[in-house]
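First comes the structure, then the notes that go with it.
What follows draws every value from the coordinates through simple rules; no lab data is involved. Just so it is clear, the structure is predicted and the values come from calculations on it, not from any experiment. Ideal geometry is used to build each Cβ from the backbone, glycine not excepted, and the neighbour counts take in all protein chains shown.
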Amino acid sequence: MSCRNLNDEKSISVKETSGNLKSKVLAFLTCVQQSGQAYSGQELAVHFGVTRAAVWKAIEALRKDGYPIEGRRNLGYRLFAEHDLVSEPLIRRYLTSEAACFYQIECFETVSSTNTLLKARATEGAPAGTVLTAEMQTAGRGRMGRNFYSPKGSGIYLSLLLRPDLPAANAVRLTAAAAAAGALALEASFPGLADSSVKIKWVNDLFLNDHKICGILTEGMLSMESGKLDYAVVGIGFNLREPDGGWPEELKDIAGGLPDGITGNGARARLIAEFLNHFLVLTKDLEAQQFLDEYRSRQLVVGQNVEIIRSAYGTGAASGSDEKAANPTALAVGIDDDCCLIVRFADGHEEHLNSGEVRILPAPDRS
């Protein structure tokens, strides 16, 4: 949808917006927000071919949804510039034209899990490019059977559906591409972050200043006939600030957010859009692996001694000291062309890890 003055004879028509009147009014006010211009109820009524009362009801419904719409006598309505709302029209403001055509976006306040919801949609035939976002998850899920803490007001959580022509064995490429896209999106959305300051911990976590600020979970359905993915759902959750009340005890030493004062107007909507923009570019040709250089250059574990965790322990903590002691240790030496982590053991032999995860070991005390 293009934005033009309502008095312009070439102004957008009702057909150029979709959905009910509430979504049309929101889309228009979002589109003209940067101009700072207000529009009267009468102007909006004429534009959308409805009554002033209908416009007023739509505005009030949007306010109840949390949208900060200012209304002044003799001036009209406008969307406040300062807010950090997330909605489909706000996200689309930052999408490239190619991304805007590919993605179909739905925004929710609270869901059990965006991945769970989108997998159900996938089995019902939802198209590639379907995106679900949420401001809170009550049953967010991470890798290896863990819960993913997803409180309201401190982050943003989304899942996107793909139907790639990709062998199931290469599904890790989607996770790697999402990690690279997430890092690029954070730095593009928050200019206060230095280039390449967001690091990737193989295989799926983003770190800033030694704290996890993002996690990724890729799930899919295998076609037994072709051996390829019938669909893949890529879920990503960003921690932008410490939640009210602080992090749960088990996350206090792990999770983090962005530096204070770095977030700004519309930051979360822009972050979603930037992620979708970068992800689309990086996955356009999965065989070419355009994401690989970015993924390698940001690795946090390469050059570090790591503990290799090959099985799930529920919450990520070992269930007993004997199990923990059984995990082997090695030096992480690189990422191969299949996004596997190359580790070298004390006896000199190497292994390419394509599953599981690693924990960076403290540097030895040389004092």
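In the chain, the longest principal axis of the Cα atoms and the axis of helix 267-282 are about 60 degrees apart.
Each residue in GLU249, GLU60 was given a count of other beta-carbon atoms within 10 angstrom of its own, and listing them fewest first yields GLU249, GLU60. Taken about its Cα centre, the chain carries a charge dipole of about 1400 debye when Lys and Arg each add +1 at the Cβ and Asp and Glu each add -1 at the Cβ. Principal-axis analysis of the Cα atoms of the chain puts helix 21-31 at an angle of about 80° to the longest axis.
Write down Rg/Rh for segment 88-297, rounded to two decimals, with Rg from the C-alpha atoms and Rh from the Kirkwood relation over Cα pairs. With Rg and the Kirkwood Rh in hand, the quotient comes to 0.94. Taking other Cβ atoms within 10 Å as a rough exposure proxy, ARG73, ARG241 sort from fewest to most as ARG73, ARG241. Think of it as helices only: each DSSP H run of n ≥ 4 in the chain is worth -39500 (n - 2.57), and spread over all residues that comes to -8000 deg cm²/dmol at 222 nm. Full extension of the segment from ALA363 to ARG63, taken as 0.36 nm per residue of separation minus the current Cα-Cα distance, would add 102.7 nm. Other residues within the sphere of radius under 15 Å centred on the Cβ of ASP230, judged by their own Cβ, net out at 0 (K and R +1, D and E -1). When each of TRP247, TRP56 is scored by the number of other beta-carbon atoms lying within 10 Å, the sequence from fewest to most is TRP56, TRP247.
Note on the chain: Rg/Rh from C-alpha atoms, Kirkwood Rh, equals 1.03. Using the alpha-carbon positions of segment 187-228, Rg (one decimal) and Dmax (whole number) come out as 15.8, 49 Å. Within the straight-line cut-off of under 18 Å between alpha carbons, the aspartates and glutamates reachable from LYS199 are GLU187, ASP210, ASP253, GLU274, ASP293, GLU294, ASP336, GLU357, sequence neighbours fewer than 8 places apart in one chain being disregarded. Between 0 and 90 degrees, the angle of helix 52-64 with respect to the longest Cα principal axis of the chain falls at about 30 degrees.
Between their Cα atoms, which of LYS24/LYS119; LYS22/LYS284; LYS119/LYS152; LYS24/LYS64 are more than 27 Å away from each other? Pairs exceeding 27 Å: LYS24/LYS119; LYS22/LYS284.
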